[in-house]
1. Report, by residue number, each residue of region 91-118 that is buried (at least 22 other Cβ atoms within 10 Å of the Cβ) and farther than 21 Å from D138 by Cα.
2. If you scan region 130-156, which residues turn out to be farther than 14 Å from F116 by Cα and touching a helix residue (DSSP H, G or I) at 6+ places or on another chain (Cβ under 7 Å)?
3. If you check T284, T274, which single one turns out to be in a helix (DSSP H, G or I) and polar (S, T, N, Q)?
4. If I ask for residues that are among the β-branched types (V, I, T) and either modelled with pLDDT under 95 or buried (at least 16 other Cβ atoms within 10 Å of the Cβ) (or both), which ones from region 319-358 would you list?
5. Out of (1) among the small types (G, A, S); (2) modelled with pLDDT of 70 or more; (3) surrounded by fewer than 20 Cβ atoms within 10 Å (Cβ to Cβ); (4) farther than 28 Å from F150 by Cβ, what's the single condition that is false for S43?
6. Looking at the structure I just gave you, is E327 more than 30 Å from F258 (Cα to Cα) and more than 38 Å from the chain's Cα centre (by Cα)?
7. Hey, could you check region 154-205 for residues that are part of a helix (DSSP H, G or I) and among the small types (G, A, S) and say which is nearest to K233 (Cα to Cα)?
8. Just checking, how many residues over region 234-251 are over 19 Å from the mean Cα position of the chain (by Cα) and either crowded, with 21+ Cβ neighbours inside 10 Å or touching a residue at least 24 places away in the same chain (Cβ under 8 Å) (or both)?
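The values are calculated or read from the model by the stated rules, or taken from the named source; none is laboratory data. Note that the structure is a prediction, hence the values are computed from the model and not measured. Methodologically, a virtual Cβ is constructed for each residue, glycine included, from the backbone with ideal geometry; neighbour enumeration extends over all protein chains shown.
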Amino acid sequence: MGYYEIALKLYKDEKYEKAAKAFKKAIDNKAYTYKSLAGLSESMGKLGDPIKQEETINISSSIASSQSRFDIFWKNYGDFFDEAGNYSKAIEYYEKAIQLNRNYHSAYYRLGMVYFTLKDYDKAIEYCNMSLRLNPRDDFSYNALGIIYFEIGQYERSVECYRKMIIINPKDEYPYNGLGNIYNKLGEYENAIQYYTRAIEINPNFEYPYNGLGTIYLNHYKDYTKAIEYYRKAIKASPEYEYPYLNIGNVYKAKGDFKNAINYYNKYLLLDKTNEECFFNLATIYQQKKEYPDAIENYKKALRINSKNDEAYKNLGIIYSLIGKKEKSIQSYKRSISINPKNPYLYKDLAEIYNENKNHKEAISYYKKAIDIFADKEKSLVPVSK
């Protein structure tokens, strides 16, 4: 990891003083000069030093002026804010770069990727296509479009983009990995394995296809040994790639090896604390181990990321009922019902809690709702005579 990458991580961790020092080292080493200057400027701003912040901006501006390339200056500022997760600022600077140079295809591409991150897929596609109109051999934009179309379920278009990438550069590992992902998603596992394997043949240190292969062996073949083998290869290729840790945790969870599962989930969380699935899986393990305080804590963390997780609310309802916190149990079940009102089991469980509390009126009401939903489901299964 270079000085810029270290500085960026410190900045994202809000360690601005250390980040500023690391950005200075990156500048001294001529590493990503514009991006490092942007990072130094922002770090000074966060440290409440507007004078040094302005000085840094002026240095960046003078370098850009001497090279007559303000478009590169703004584009690199955009890159920094994109990598730092400040997407509105990234958009602002990419647009400035484009205003100065309407033919700056990589600025259109980066702008498209920001909109992809923001899940504005129409704009993401628009800007990547603008990049391709300026540079029809831009494999980065084809790769981006392949990913976007995959994300929105337009698999044929995704395949088309990856095949165009292969025509441009048959030795590029990314399109083969992308095709592997598509065939994996479509359940064409032999094809997926073939493309993942081709990606690895081109670049044995490419982490993503190892993860894809691990997922096939985990979910389809239930071959836990091979799944772990591939996930470990992904980690060896890139120790900071977070998903193999999560997936190994899932393997150990499926095997009932909770100790190792917890260990790998915690390794994952050192790299990414924004994934609802990891907290939810940890919570279910602690729930099975009857370690209820830890289960509650992790369900709450999952819900802070995704407040629409009805399963998390339901499980909280179960735990609160078991530990005698009936009111909290009722509240949790009601939240679960508000998200998933067609689940009859939620009404049944809630009715039983009211019954235990001797609130028979509410119990009867919720039992009736459960019966009505069950009846509706049965009707929908009965074939209608013509």
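1. Correct list: Y93 only.
2. M130, S131, L132, L134, N135, R137, D138, D139, Y155
3. Details: T274 fails: in a helix (DSSP H, G or I).
Testing whether each residue is in a helix (DSSP H, G or I) and polar (S, T, N, Q) leaves just T284.
4. Residues of region 319-358 that are among the β-branched types (V, I, T), as a first pass: 319, 323, 330, 337, 339, 353.
Result: I319, I330, I337, I339, I353.
5. (3)
6. On the way: more than 30 Å from F258 (Cα to Cα): yes; more than 38 Å from the chain's Cα centre (by Cα): no.
It is false that E327 is more than 30 Å from F258 (Cα to Cα) and more than 38 Å from the chain's Cα centre (by Cα).
7. From region 154-205, those part of a helix (DSSP H, G or I) are 155-168, 173-185, 189-202; that's our starting set.
Pick out the ones that are also among the small types (G, A, S) and you get 158, 178, 180, 192, 199.
Working: S158: 27, G178: 18, G180: 17, A192: 18, A199: 14 Å.
Checked region 154-205; the qualifying residue nearest to K233 (Cα to Cα) is A199.
8. Just the residues of region 234-251 that are over 19 Å from the mean Cα position of the chain (by Cα), to begin with: 236-237, 251.
If we keep only those that are either crowded, with 21+ Cβ neighbours inside 10 Å or touching a residue at least 24 places away in the same chain (Cβ under 8 Å) (or both) too, we end up with 237, 251.
So the count comes out to 2.
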